[in-house]
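Reading through the structure tokens given below for one structure.
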Amino acid sequence: MSGNQAPRGWPLRIFRVDGESMRPTLGPGDWLVGFRDGREPQRDQIRVFRDPSKSTRWLVKRVGDVHPSSHGAVFEARSDNPRARYASDSHDFGPVRARGSYRVVWRFAGRQPR
């Protein structure tokens, strides 16, 4: 997933889906508008967050269970298509901090790669 360079503190950000891990909900080439509102994630929301294993990459996943913690909420990130090539989620890297994540508020269908 690639993300634009939003101005510091700006709550909206645009992302482009690169992989197959969220099929059939999202596919390669789809564009997402994410909103960072600071609210606790809700189960089944679609969220975008920095990859815990590689901070320069963004991941898009569905929210599973949400747990309070002393440093803010954490959530389980789930792939809709966990068998996709290169798919990873909380089964691989554990729960994700909600702080700094973006709630997907809009999706624009993109062209499918050939």
- Item | Karplus 3J(HN,Hα) series, Hz, for segment 57-62 with 6.51 cos²θ - 1.76 cosθ + 1.60 (x for Gly, Pro) | 10, 10, 10, 10, 8, 8
- Note on the structure: Taking every alpha carbon pair in segment 2-108 and sorting the distances into 5 angstrom bins from 0 up to the bin holding the longest one, the percent per bin comes out as 2, 13, 25, 27, 21, 9, 2, 0
- Message: Taking every DSSP beta bridge with both residues inside the chain, roughly what % is antiparallel (nearest 5)?
- Response: 95 percent
- Query: For the residues Ser21, Ser69, what sequence is obtained by ranking on other C-beta atoms within 10 Å, fewest first?
  - Reply: Ser69, Ser21
- Task: Please give, to one decimal in nm, the separation of the simple spin-label points placed at Arg23 and Trp106, each 7 Å out from Cα toward the Cβ.
- Result: 2.7 nm
- Task: Obtain the nm distance between the two label points defined at Asp65 and Asn81 by a simple spin-label model: each point lies 7 Å from its Cα along the Cα-to-C-beta direction.
- Result: 2.8 nm
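Since every read-out is calculated from the coordinates, none of them should be taken as a lab result. All figures in this text were calculated on a predicted structure; none of them were measured in a lab. Don't worry about glycine lacking a Cβ; one is built from the backbone with ideal geometry, like all the others, and counts go over all protein chains shown.
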